[in-house]
Amino acid sequence: MVAMAAAGVISIFSARFVPTRTDGWYRFTRKIRWGLISIGVVAMFVPVVMYFNKVTISEEGFTENVGFFGEKAHRVTFNDLERVEFVAETSGIGRSRKTNYYLICFGKQGTSHKVPVSGSCMQTALPEIVQGLKTAHVPIIDKVPAE
(Lines give C-alpha, C1' and ligand atoms only; values in the text may rest on other atoms or scores of the structure.)
Protein backbone atom coordinates (compact mmCIF):
# COMPACT_ATOMS: atom_id res chain seq x y z
CA MET A 1 0.00 0.00 0.00
CA VAL A 2 2.87 2.35 0.80
CA ALA A 3 4.51 1.61 -2.54
CA MET A 4 1.30 2.40 -4.41
CA ALA A 5 0.86 5.69 -2.56
CA ALA A 6 4.51 6.57 -3.26
CA ALA A 7 3.99 5.77 -6.95
CA GLY A 8 1.04 8.17 -6.96
CA VAL A 9 3.12 10.97 -5.45
CA ILE A 10 5.93 10.32 -7.94
CA SER A 11 3.46 10.34 -10.84
CA ILE A 12 2.02 13.70 -9.79
CA PHE A 13 5.48 15.15 -9.19
CA SER A 14 6.79 13.88 -12.55
CA ALA A 15 4.00 15.71 -14.38
CA ARG A 16 5.97 18.92 -13.70
CA PHE A 17 8.82 17.69 -15.93
CA VAL A 18 6.76 17.08 -19.07
CA PRO A 19 7.78 19.73 -21.64
CA THR A 20 5.41 22.63 -22.08
CA ARG A 21 5.93 23.32 -25.80
CA THR A 22 2.90 22.78 -28.05
CA ASP A 23 4.51 22.42 -31.51
CA GLY A 24 5.14 19.11 -33.23
CA TRP A 25 5.10 15.99 -31.02
CA TYR A 26 4.73 18.13 -27.91
CA ARG A 27 1.09 18.90 -28.73
CA PHE A 28 0.14 15.99 -26.43
CA THR A 29 1.87 17.43 -23.38
CA ARG A 30 -1.34 18.67 -21.72
CA LYS A 31 -2.90 15.21 -22.07
CA ILE A 32 0.25 13.54 -20.76
CA ARG A 33 0.36 15.87 -17.76
CA TRP A 34 -3.29 15.35 -16.88
CA GLY A 35 -2.88 11.61 -17.41
CA LEU A 36 0.02 11.49 -14.95
CA ILE A 37 -1.90 13.57 -12.43
CA SER A 38 -5.02 11.36 -12.78
CA ILE A 39 -3.01 8.17 -12.37
CA GLY A 40 -1.28 9.68 -9.34
CA VAL A 41 -4.54 10.65 -7.63
CA VAL A 42 -6.03 7.19 -8.18
CA ALA A 43 -2.82 5.51 -7.00
CA MET A 44 -2.94 7.55 -3.79
CA PHE A 45 -6.70 6.98 -3.25
CA VAL A 46 -6.74 3.17 -3.60
CA PRO A 47 -4.41 2.43 -0.63
CA VAL A 48 -6.57 4.61 1.63
CA VAL A 49 -9.62 2.53 0.74
CA MET A 50 -7.64 -0.70 1.16
CA TYR A 51 -6.40 0.40 4.58
CA PHE A 52 -9.92 0.73 5.97
CA ASN A 53 -11.07 -2.74 4.81
CA LYS A 54 -10.98 -5.01 7.84
CA VAL A 55 -12.74 -7.88 9.56
CA THR A 56 -12.81 -8.08 13.35
CA ILE A 57 -13.70 -11.41 14.97
CA SER A 58 -14.47 -11.97 18.64
CA GLU A 59 -16.18 -14.66 20.69
CA GLU A 60 -19.49 -12.79 20.40
CA GLY A 61 -19.48 -12.20 16.63
CA PHE A 62 -17.74 -10.51 13.75
CA THR A 63 -17.70 -7.10 12.09
CA GLU A 64 -16.74 -6.37 8.49
CA ASN A 65 -15.90 -2.80 7.46
CA VAL A 66 -15.41 -2.08 3.76
CA GLY A 67 -15.25 1.02 1.60
CA PHE A 68 -13.86 4.47 2.13
CA PHE A 69 -13.42 5.00 5.89
CA GLY A 70 -15.40 1.81 6.55
CA GLU A 71 -18.65 3.28 5.24
CA LYS A 72 -20.28 -0.15 4.83
CA ALA A 73 -20.32 -2.24 7.97
CA HIS A 74 -21.81 -5.65 8.70
CA ARG A 75 -22.11 -6.48 12.39
CA VAL A 76 -23.19 -10.01 13.20
CA THR A 77 -23.57 -11.49 16.70
CA PHE A 78 -23.31 -15.29 16.86
CA ASN A 79 -25.85 -15.72 19.68
CA ASP A 80 -28.52 -13.79 17.75
CA LEU A 81 -28.36 -16.12 14.73
CA GLU A 82 -30.81 -18.88 13.92
CA ARG A 83 -28.87 -20.20 10.90
CA VAL A 84 -26.35 -19.14 8.26
CA GLU A 85 -26.55 -20.00 4.57
CA PHE A 86 -23.53 -19.92 2.27
CA VAL A 87 -24.80 -19.04 -1.21
CA ALA A 88 -23.39 -18.22 -4.64
CA GLU A 89 -24.97 -15.78 -7.07
CA THR A 90 -23.95 -15.64 -10.71
CA SER A 91 -24.48 -12.47 -12.71
CA GLY A 92 -23.63 -11.31 -16.21
CA ILE A 93 -23.91 -13.03 -19.56
CA GLY A 94 -21.49 -14.86 -21.81
CA ARG A 95 -17.83 -14.40 -20.97
CA SER A 96 -18.58 -11.69 -18.43
CA ARG A 97 -20.26 -14.09 -16.00
CA LYS A 98 -19.11 -13.60 -12.43
CA THR A 99 -19.92 -15.61 -9.32
CA ASN A 100 -20.18 -13.80 -5.99
CA TYR A 101 -20.34 -15.64 -2.67
CA TYR A 102 -22.36 -14.49 0.35
CA LEU A 103 -23.11 -15.48 3.93
CA ILE A 104 -26.80 -14.91 4.59
CA CYS A 105 -27.17 -14.65 8.35
CA PHE A 106 -30.75 -15.24 9.56
CA GLY A 107 -31.46 -13.79 12.99
CA LYS A 108 -33.77 -15.19 15.64
CA GLN A 109 -35.96 -12.06 15.37
CA GLY A 110 -36.59 -12.68 11.64
CA THR A 111 -33.93 -10.30 10.35
CA SER A 112 -31.24 -11.23 7.87
CA HIS A 113 -27.85 -9.87 6.82
CA LYS A 114 -26.28 -10.57 3.43
CA VAL A 115 -22.53 -10.44 4.02
CA PRO A 116 -20.31 -10.65 0.92
CA VAL A 117 -17.36 -13.03 1.05
CA SER A 118 -15.64 -11.47 -1.96
CA GLY A 119 -12.87 -9.39 -0.38
CA SER A 120 -9.50 -10.81 0.55
CA CYS A 121 -9.99 -9.78 4.21
CA MET A 122 -13.24 -11.70 4.44
CA GLN A 123 -11.83 -14.74 2.64
CA THR A 124 -8.91 -14.83 5.07
CA ALA A 125 -11.22 -14.49 8.09
CA LEU A 126 -13.81 -17.02 6.87
CA PRO A 127 -12.32 -20.09 8.64
CA GLU A 128 -12.33 -18.23 11.98
CA ILE A 129 -15.92 -17.06 11.40
CA VAL A 130 -17.00 -20.64 10.64
CA GLN A 131 -15.24 -21.82 13.80
CA GLY A 132 -17.07 -19.15 15.82
CA LEU A 133 -20.39 -20.20 14.30
CA LYS A 134 -19.71 -23.85 15.19
CA THR A 135 -18.74 -22.87 18.74
CA ALA A 136 -22.04 -20.96 19.08
CA HIS A 137 -23.91 -24.01 17.66
CA VAL A 138 -25.27 -22.07 14.67
CA PRO A 139 -26.17 -24.37 11.76
CA ILE A 140 -24.34 -23.57 8.52
CA ILE A 141 -26.16 -24.56 5.34
CA ASP A 142 -24.01 -24.77 2.19
CA LYS A 143 -26.11 -23.87 -0.86
CA VAL A 144 -23.20 -23.52 -3.27
CA PRO A 145 -23.61 -25.98 -6.18
CA ALA A 146 -20.72 -28.38 -6.72
CA GLU A 147 -18.79 -27.69 -9.91
Next item on the list: Kindly indicate whether Val115 is open to solvent by less than 50 Å² (accessible area, probe 1.4 Å), in a loop (DSSP other than H, G, I, E, B) and of a type in the set (A, V, I, L, M).
Entry: no
Margin query: Looking at Lys134 and the list (1) open to solvent by 60 Å² or more (accessible area, probe 1.4 Å); (2) outside any helix (DSSP H, G or I); (3) not hydroxyl-bearing (Ser, Thr, Tyr), which single condition is not satisfied?
Written below: (2)
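The values are calculated or read from the model by the stated rules, or taken from the named source; none is laboratory data. Being a predicted model, the structure only gives us computed values, none of them experimental. Heavy atoms of the whole protein, side chains included, go into the accessibility calculation; ligands, DNA and RNA do not. Shrake-Rupley method; radii C 1.70, N 1.55, O 1.52, S 1.80 Å.
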